[in-house]
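See structure below.
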Amino acid sequence: MNIDFIQALDDIEKDKGISKDILLDAIKTALLSAFKKDFGSKENVRVEIIEETGEVKLFSRRKVVSEPENDQFEISLAEACKKDANYEIEDIIEIEITPDNFGRIAAQTAKQVVMQRIREAERDVIYEHYKEKEGEVITGTIQRFHNDNIFINMGKTEALLPASEQMPGENYERGKRIKLYIVEVSSTTKGPHILVSRTHPYLLKRLFEVEVPEIFDGVVEIRGIAREAGHRSKMAVSSHNDNVDPVGACVGPKGMRVQAVVNQLNGEKIDIIEWSENPVELVANALNPAEVIAVNINENEKEAEVIVPDFQLSLAIGKEGQNARLAAKLTGWKVDIKKESEQESDNNENGSENNENIEGEI
């Protein structure tokens, strides 16, 4: 080993972000392995690397005793005092034992081990980098397909987009760049395992945080999201500033902000509603774009009976019940939708019974 090699470690630290100390530790481990292989035990051997010159020295640590029983681990007091008269029984003395031909053998072994440690350290750096991004949105490039899984090129590593996290109906082509939500990052012997998603509700949340400064700044808060990826989503928002309209902020001028998110989600429809602590208002808002006449709340059963105009019934329910289903998921209330004529008929039959329900007109 020479000074050029030490300088190369500095370059590796700058270029790859791997600590020089980690590399030096790897080299020392390699040198001990080389010594053990060719010269015997390493249990009481210490390696010293002089960074200024690149010189490597091996030292044997031995215990000072009156009568040595094992010369590999012990040294007599008389021999120790020849090196320094201040040594006493039970002291530890280090004796240089660097073999004449150790440099060549060590260089060959060290190179292999160091390269392996560099690869491991690089994997650790990548793992830590993406572990910090867990729960965030990243941009990746579709690289390859295996069965129903898609592998995403992240630059220094790959991420896995399994079939369960792919948006139905979305066209995935090799080389296409897409936004992805990092669900989980775990460490494996082959490097970091990064699980990403296109269906996670928080993908929608993170995309709006990017497009809407008021959300990023905390003025507007996302209070709930219900999503059927690839088809439709509902998002409830509130404002911490009376002068800021939360829905308007998310929609943006001429709908530019919400449209930017829609474009990144392959045309997925997004309903943005205003959050309310009043369950009557919240349920009514959640059924947007349908018009709601009244909402009857049953607190005990966590049920909401919603009355809509006859011509709005299909809109309120939505295709295959999607609008009502998303509204129920967003609000946490079981939603039962009735048309106005049906409600009037029920009232005529049952009269004006009193119950514990909370009724609200919209």
Response to the item:
Per the filter on the stretch 129-185, residues within 19 Å of the chain's Cα centre (by Cα), surrounded by 15 or more Cβ atoms within 10 Å (Cβ to Cβ) and in a loop (DSSP other than H, G, I, E, B) are 154, 157, 166
Practice prompt. Pick out the one residue from 291, 320, 301 that is assigned to a helix (DSSP H, G or I), outside the structural domain of residue 221 (by TED's automatic domain parsing), among the charged types (D, E, K, R) and surrounded by fewer than 21 Cβ atoms within 10 Å (Cβ to Cβ).
Written response: 320
Discussion item. Between 238, 233, 276, which is under 22 Å from residue 314 (Cβ atoms), under 32 Å from the mean Cα position of the chain (by Cα) and either assigned by TED's automatic domain parsing to the domain that holds residue 319 or outside any helix (DSSP H, G or I) (or both)?
Written reply: 233
Worksheet item: Could you say whether any residue in the stretch 190-210 is acidic (Asp, Glu) and more than 30 Å from residue 254 (Cβ to Cβ)?
Response: no
Worksheet item: In the stretch 323-339, what residues are touching a Leu at 6+ places or on another chain (Cβ under 8 Å), part of a helix (DSSP H, G or I) and under 16 Å from residue 280 (Cβ atoms)?
Response: 327, 331
Discussion item. Cβ-Cβ under 7 Å, sequence separation 6+ or interchain: first residue in the stretch 245-270 and assigned by TED's automatic domain parsing to the domain that holds residue 213 and at pLDDT 95 or above, partner among the charged types (D, E, K, R) and assigned to a helix (DSSP H, G or I). Which pairs?
Written reply: 249/214; 250/257; 251/257; 257/211; 260/211; 261/211
Worksheet item: Out of 18, 3, 105, which single residue is under 25 Å from residue 123 (Cβ atoms), in contact (Cβ under 8 Å) with a residue 40 or more places away in the chain and not hydroxyl-bearing (Ser, Thr, Tyr)?
Response: 18
Fill in: Among the candidates 61, 46, 119, residue that is part of a helix (DSSP H, G or I) and of a type outside the set (A, V, I, L, M, F, W, C)
119
Response to the item:
For the stretch 9-24 the number of residues that are surrounded by 13 or more Cβ atoms within 10 Å (Cβ to Cβ) and either modelled with pLDDT of 80 or more or of a type in the set (Phe, Trp, Tyr) (or both) is 8
Worksheet entry | Scan of the stretch 69-108 for residues that are closer than 18 Å to residue 48 by Cα, of a type in the set (D, E, K, R) and surrounded by 13 or more Cβ atoms within 10 Å (Cβ to Cβ), ordered by number | 94
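The values are calculated or read from the model by the stated rules, or taken from the named source; none is laboratory data. What you see is a predicted model; the values in this text were computed from it and never measured. Note that we place each Cβ from the backbone using ideal geometry, even for glycine, and neighbour counts take in every protein chain shown.
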